[in-house]
Amino acid sequence: MQLPNEIEQLLYRVEKPGRYVGGEYNQTVKAWDSVDLHIALAFPDIYDLGQPNLGLAILYDLLNQAEGIAAERVFSPWLDMEAAMRSAGLPLFSLENKRPIREFDILGITLPYESIYTNALNLLDLAGIPLYSRERTKAHPLVIAGGQACFNPETMADFIDAFVIGEGEEVFIEIAEAYRAWKKSGGERGSLLESLSEIQGVYVPEFYEVAYQEDGRIASISPTSSIAPKRVRKRIVAQLPPPVTRFLVPNVGIVHDRIAIEIMRGCTRGCRFCHAGVVNRPVRQRPVAEIVDAMEAGLQATGYQQVGLLSLSSSDHTQIIQIVDAVYERFKERRVQVSLPSLRIASFSVDLMQRLQTLRPGGGFTLAPEAATPRMRAVINKELDEAELLETARQVFERGWLSLKLYFMIGLPGETMDDVLAIAELGKKIQRIGWQARGKRISVHLGVGSFIPKPHTPFQWAATDSSASLMDKINALKDALRKTGIKLSYNHSDSTLLESWLSRGDRSLGQVIHAAWRNGAKFDAWNEHFNIDAWQKAFESVGIDPAFYAHRSRDLDEVLPWDHIDIGVNKQFLRADWLMSQRGQTRDDCRDGCFHCGILDAFSEVQPLANEYYWGCP
């Protein structure tokens, strides 16, 4: 059933109707009856945020290149469109063929962060799909989820049929083939889930049983089927596939309206707070020619004049200088604006950015010290000499940038108020350097985030700082920066609590998420719509103490909710790193010597590609 007429009647009543019409340049539309497998790719937030998501773009491009598969997009409607749809009885629909999502074979939901969970439930409800996996039949789409938030899948386990753990480029095609074979066989839904559980990197919660101790801690997580592995190992692609170049050109303004080229995946720095730095190991990088050719193809396919060269630590690419030189030579006559985020704090990084700035000047400069005292930088394993930071700041201003933003964290393990106030003092030092170099025209912006101990990191055993303590620290920074002209931005302590609950939770939180959604929780990532009362009432209604998940340190021998998810980095390594942090001991960069985290043993298939495509471990 196609719905274009019904949709059109609602568009004049909503803000930004272009979010719901599709038809973008480079869109792929396949006749519904010309394929045998229909996949809806969902991002549970509005079009403006979901459309530029690189993971979604990769899967959309990959699946639509496959014979017999049509991949279509769906995003969460904004409040006005949702109200209009519910009033008209209009189900959630795809942008390409305007088909109800419940008619698709597979619904793939991207979960990049935890505060999107209630939106995922709302999306299922709008689609007319039962929220709970156990309530679905073979008549409903297979609901799968993937993304960075799925490395602890337990909090959403009640609602998702199968999770993709790790990278999706190869495994999604395997899932599609398994679905095809099941569909042809005419088997029951259970047989489909069994076949999926045999695919490496696919976690089917139905085939695992969680036992609890009397105090609420987990006693064990055990497979209930001989087919299901005891631990689900993540998927990686040994060689990064060619980058996406046929990006969709949106009809309305979106965040990051540009071409995005991933130049490297993974990181060797070993920052103890960094979830992405651990779960995305091992490092794999793209060759220079492939990166520059992809930029060329992307610019020609879209008409864009802005390109983001993305990675967790861009200046750690072994050929970063060659990349920048090649980009400059290829595009110097065309005034293409190129951004290179995630740079190391070093004069080397300023040199790189200055070369790119000559293509098309614009924007400010961003650095991420994360902590302002040597002691705290040792705790988080981010060694940085303050003199080097100040010298980098000086060069930033002297070379023409007028704006410098620095990112820090508060609430870190072992932190004192002196460590917090050092952030303000460091900001003032940098401001004075800017005044000396460029006068009072410069601006310094301190972005302060609250630390959350994430799964699969050395800090996974730590507790989240209390809301009262976090607000005391923010208020102290406000007082220290008063009348300085330095801008301070920070996230609210309530949103920190939510992310901590959901990222560190177990299956018990499924009922909390459902209750919060029923209480009106939705768009939790949006400050103006985040409703902490809805969540607190949800915890009360199901009889769970939220502090158990946020403010409780974990015992080193405790079974963690994500222990059955194998990321390739072993728990013994993480435990040793956690103990080192408490002693203020650091590790060198992995490139300078292997610390035997386990990743190379787990993924030995990357070794044959080491010379050309893979680099990062000795």
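Computed quantities for the displayed model
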| item | result |
| --- | --- |
| Search result, residues across region 528-578 that are assigned to a loop (DSSP other than H, G, I, E, B), exposed (fewer than 14 other Cβ atoms within 10 Å of the Cβ) and not acidic (D, E) | H529, G543, S553, L556 |
| Count of region 58-68 residues which are under 27 Å from K16 (Cα atoms), surrounded by fewer than 20 Cβ atoms within 10 Å (Cβ to Cβ) and touching a Leu at 6+ places or on another chain (Cβ under 7 Å) | 0 |
| Every residue from region 369-401 that is of a type in the set (A, V, I, L, M, F, W, C) and either without any contact (Cβ under 8 Å) to a residue 60 or more places away in the chain or not assigned by TED's automatic domain parsing to the domain that holds S495 (or both) | A371, A372, M376, L384, A387, L389, L390, A393, V396, F397, W401 |
| T245 vs. criteria hydroxyl-bearing (S, T, Y) and in contact (Cβ under 8 Å) with a residue 60 or more places away in the chain | no |
| Boolean, G414 is small (G, A, S), assigned by TED's automatic domain parsing to the domain that holds N491, surrounded by 23 or more Cβ atoms within 10 Å (Cβ to Cβ) and under 17 Å from P374 (Cα atoms) | no |
| Checking L600 against (1) assigned to a loop (DSSP other than H, G, I, E, B); (2) under 24 Å from the mean Cα position of the chain (by Cα), the condition it does not meet | (1) |
| Of the criteria (1) in a loop (DSSP other than H, G, I, E, B); (2) under 22 Å from the mean Cα position of the chain (by Cα); (3) surrounded by fewer than 22 Cβ atoms within 10 Å (Cβ to Cβ), which one D45 fails | (3) |
| Entirely in region 402-512, the helices (runs of 4 or more DSSP H) that have 1 or more residues that are more than 30 Å from A157 (Cβ to Cβ) and without any contact (Cβ under 8 Å) to a residue 40 or more places away in the chain | 417-438, 467-481 |
| Selected residue [of a type in the set (A, V, I, L, M) and over 22 Å from the mean Cα position of the chain (by Cα)] from A368, A372 | A372 |
| Qualifying residues in region 518-527 (those that are within 16 Å of A83 (Cβ to Cβ) and crowded, with 18+ Cβ neighbours inside 10 Å) - the one farthest from the chain's Cα centre (by Cα) | K522 |
| Some residue of region 192-202 being of a type outside the set (S, T, Y) and either more than 29 Å from the chain's Cα centre (by Cα) or exposed (fewer than 13 other Cβ atoms within 10 Å of the Cβ) (or both) | no |
| Test set (1) under 30 Å from D577 (Cα atoms); (2) among the polar types (S, T, N, Q); (3) touching a Gly at 6+ places or on another chain (Cβ under 8 Å) - T484 fails condition number | (1) |
| Lone unmet requirement of (1) under 23 Å from the mean Cα position of the chain (by Cα); (2) assigned to a loop (DSSP other than H, G, I, E, B); (3) surrounded by fewer than 19 Cβ atoms within 10 Å (Cβ to Cβ) for G55 | (2) |
| Residues that are at pLDDT 85 or above, surrounded by 17 or more Cβ atoms within 10 Å (Cβ to Cβ) and of a type in the set (A, V, I, L, M), drawn from region 579-618 | M580, I599, L600, A602 |
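The values are calculated or read from the model by the stated rules, or taken from the named source; none is laboratory data. For clarity, every value in this text was computed on a predicted model and none was experimentally measured. FYI the Cβ positions are ideal-geometry reconstructions off the backbone, even for glycines, and counts take in every protein chain you see.
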